1. Counting residues that are touching a residue at least 12 places away in the same chain (Cβ under 8 Å) and either surrounded by fewer than 19 Cβ atoms within 10 Å (Cβ to Cβ) or more than 20 Å from the chain's Cα centre (by Cα) (or both), which helices (runs of 4 or more DSSP H) fully inside the range 195-292 reach at least 3?
2. Checking D733 against (1) of a type outside the set (G, A, S); (2) out of contact with any strand residue (DSSP E or B) (no Cβ under 6 Å at 6 or more places or on another chain); (3) touching a residue at least 40 places away in the same chain (Cβ under 8 Å): exactly one of these is not met. Which one?
3. Please work out which residue is surrounded by the fewest Cβ atoms within 10 Å (Cβ to Cβ), limiting yourself to the range 304-315 and to residues that are over 21 Å from the mean Cα position of the chain (by Cα) and touching a residue at least 24 places away in the same chain (Cβ under 8 Å).
4. Which condition does F416 not pass, out of (1) aromatic (F, W, Y); (2) assigned to a helix (DSSP H, G or I); (3) under 29 Å from E492 (Cα atoms), if it passes all the others?
5. Restricting the search to the range 473-487, which residues are outside any loop (DSSP other than H, G, I, E, B) and either in contact (Cβ under 8 Å) with a residue 40 or more places away in the chain or not assigned by TED's automatic domain parsing to the domain that holds D733 (or both)?
6. Of (1) charged (D, E, K, R); (2) assigned to a helix (DSSP H, G or I); (3) buried (at least 22 other Cβ atoms within 10 Å of the Cβ), E401 satisfies all except one. Which?
7. Need at least 1 residues that are under 30 Å from G97 (Cβ atoms) per element, so show me which strands (runs of 3 or more DSSP E) inside the range 690-754 make the cut, counting only ones lying wholly within it.
Amino acid sequence: MKLVVRILFALGIVVVGVGLYVFGARQHGYGEHEGAGTPLDKHLPETVVRGRARAEQRAAAALTTAPPARQVLFGDLHVHTTFSTDAFLWSLPMVGGEGAHPVSDACNFARYCSGLDFWSINDHAEATTPRRWQETREAIRECNAVAGDPENPDVVAFLGWEWSQVGLTPEQHYGHKNVILRDLDDAQVPSRVIGASGPATDALRGQFGGMPWYVPLIDFRNRQRYFNFIEFMDEVREVPACAEGVSAKDLPADCYESAATPKDLFRKLDEWGMDAIVIPHGNTWGFYTPPGSTWDKQLAQGNQDPRRQFLIEVMSGHGNSEEYRDWKEVLFDASGKATCPEPRPDYLPSCWRAGEIIEKRCRDAGTAEAECARRAADARQHYVDGRVAGHWSVPGVQPAEWLDAGQCRDCFIPSFNYRPGSSTQYALAISNFDDPSGPQRFRFGLLASSDNHQARPGTGYKEFARKQGMTEARGARDEAWRKRINPWIHAEEAAPESREVPLNDLSRGFATLEAERQASFFLTGGLAAVHTEGRSREQIWDAILRKEVYGTSGDQILLWFHLLNAENTDGTIAAVPMGGEVRMTGTPRFEVRAVGAFEQKPGCPEATTAALSADRIEKLCRGECFNPSDERKRITRIEVVRIRPQVRSGEPVSELIEDPWKKIACDPSPNGCVVQFEDPDFATAGRDTLYYVRAIEEPSPAVNAGGLRCRTDETGRCIEVNPCQGDYRTAPDDDCLATIEERAWSSPIFVDRG
């Protein structure tokens, strides 16, 4: 009897203990705040920094006897840590995440792994609480404090954030923009970040509901990471919205300030009165950009401020956003009603594919052909009406059934579900004629960055570790977690009829987007490059303000682009660098100089192995670093793009973009390439023209460069896909390599008619 009592007593204790533990979990009692960390207190030896400059000088000198006066520095102006909601989610064990990636990791990675000269922090403002913003400022100051001589630091870290706006319709959508600040001291930076409003804000701030309290108990061994995420979201939700109509400086520091439009964002930055620039990115990313979105509305009603927004991110780890195509992902009639366009040889609209899927299912069920055609038409319309969630209009659809619908088939490593009306070329070609006496245009300089969410700036130095932090490829770690994360995929039958998708139905959270298909489009990311007089923060900032910047697809390609024959007011001739503006009446003459990136050696350089342990190198750098050899890749050709911006409302954009306008072959020399060209048509055309160049490297393998890896028929139509999954269905060591031609994009030179 005593034994029974003891057993019952023990069981009672266990039950009470479990009950108390579950109660604590339900009350969110176990989470811990994850801070920004502390960067390593070691800067790179001055000999390493000087060595980079000497290598570049030698490369420039090999091109001509008069190398450019300014040096090239490489950086990444788009970096996230686990202070961002999506980054924290992707760090969780259920999706194969690696754990916390704080701000200090980004500093250490830029310094020791990727060999960058500068970078910026850009965590989503929507999840940046007052405590996290203070910790971010401190971590960035610490990163700079250990960089050595401020006039010649090993790396410069800029402070900033991302304004992450998403609209449900093209009229409401403005997209994402990075805010970069020049200064670091609390007195010189905003005491509060400025976020967006709308569905993206609601998602990043947990308004659709956070993680269920019981998830940590399902993965009990890793429970603390889930508890910490719950704590993370609780902290976000506890920050109240700031009062409307109050000047930014007069608001308390402990509220969430939002700007609904770019105009509002620019106004609030003006209220702070501090040096800040705004860099849009991801405008062609169709996983959240509504079909039919274009740049036009951002040239209207004060939504463009050329003092702050004068650069654009042409490429990132989410793909290339450069190229314009004249196909449409959706059509609008005179009343604004959206309809589905027909397919073309170079493009299959996703809405059209929805109709094909439903029609096939209908016929396979033995239904009459006329009825199946009607259902196909309904499916196309249901998809269009559902906007970015249109894929949910087809019940039980599997990602591979979409084939390559929605993708740009002939673009260079394009972003997913491409939106050509939001491309960089489209932005450069359009004009706003609200004021006929002074049409407004975008005069963007071009750069690239990574948009890495694992605190790894500049991930493109080597093509490896697709699922280990060098790209955004993430997914369920096994089939059980796939069912938990995406229950709708498994719970639905493949019905032969489509359904309506309410425009405001965001109940699936991030699963509203096509996350599984998107994994095939995640790349290692690009780089920003600047031409500077030196390495200091001020000199880098001045180069950015001059738009003397360019982007690369990840390789540290050297590129110079000048107009040679600009005439000064005193009649002398001057050279105008990329990003410059000039008036001319004669024939413009240009010069391009380009040198390929260093071939990489395996492993890490001595400066890194001396500073970090082998375990730390493996965890931080995934065992591989920027480690240049003495050999450089060959530049095979220079491509010139010529754009003549609109001079009248409604002028067809496709007729204004000549891509490429010229292709100029280069000798296969490791010393690089120098070419000159002229535009004899400029004087007779009588219209403003801009020119930018691409320096193209010899082919090399790159992560995910094959996209969905279509198998095509004899007509070139995609009939089967072999996607690179972000989850367990693609092996962890499969980097999905395919051959591409890495490249650098110069900023344009804007030549206005005299």
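1. Because the criterion is at least 3 residues that are touching a residue at least 12 places away in the same chain (Cβ under 8 Å) and either surrounded by fewer than 19 Cβ atoms within 10 Å (Cβ to Cβ) or more than 20 Å from the chain's Cα centre (by Cα) (or both), the helices (runs of 4 or more DSSP H) in the range 195-292 that meet it are 215-218, 223-237, 262-272.
2. Of the numbered conditions (1) of a type outside the set (G, A, S); (2) out of contact with any strand residue (DSSP E or B) (no Cβ under 6 Å at 6 or more places or on another chain); (3) touching a residue at least 40 places away in the same chain (Cβ under 8 Å), the odd one out for D733 is (3).
3. Applying the filter and picking the extreme gives P306.
4. (2)
5. E479, W481, R482, R484, I485
6. Of (1) charged (D, E, K, R); (2) assigned to a helix (DSSP H, G or I); (3) buried (at least 22 other Cβ atoms within 10 Å of the Cβ), only one is false for E401: (3).
7. Correct list: 700-703, 710-712, 718-721, 737-740.
Condition check ((1) within 20 Å of W119 (Cα to Cα); (2) touching a Gly at 6+ places or on another chain (Cβ under 6 Å); (3) at pLDDT below 95; (4) part of a loop (DSSP other than H, G, I, E, B)) across all residues:
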{"site": "D41", "(1), (2), (3), (4)": "yes, no, yes, yes"}
{"site": "V49", "(1), (2), (3), (4)": "yes, no, yes, no"}
{"site": "A53", "(1), (2), (3), (4)": "yes, no, yes, no"}
{"site": "E56", "(1), (2), (3), (4)": "yes, no, yes, no"}
{"site": "A59", "(1), (2), (3), (4)": "no, no, yes, no"}
{"site": "A66", "(1), (2), (3), (4)": "no, no, yes, yes"}
{"site": "F74", "(1), (2), (3), (4)": "yes, no, no, no"}
{"site": "T81", "(1), (2), (3), (4)": "yes, no, no, yes"}
{"site": "F88", "(1), (2), (3), (4)": "no, no, no, no"}
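The values are calculated or read from the model by the stated rules, or taken from the named source; none is laboratory data. All values derive from a computational prediction rather than experimental measurement. Here Cβ is always computed from backbone atoms with ideal geometry, including for glycine, and neighbour counts include all displayed protein chains.
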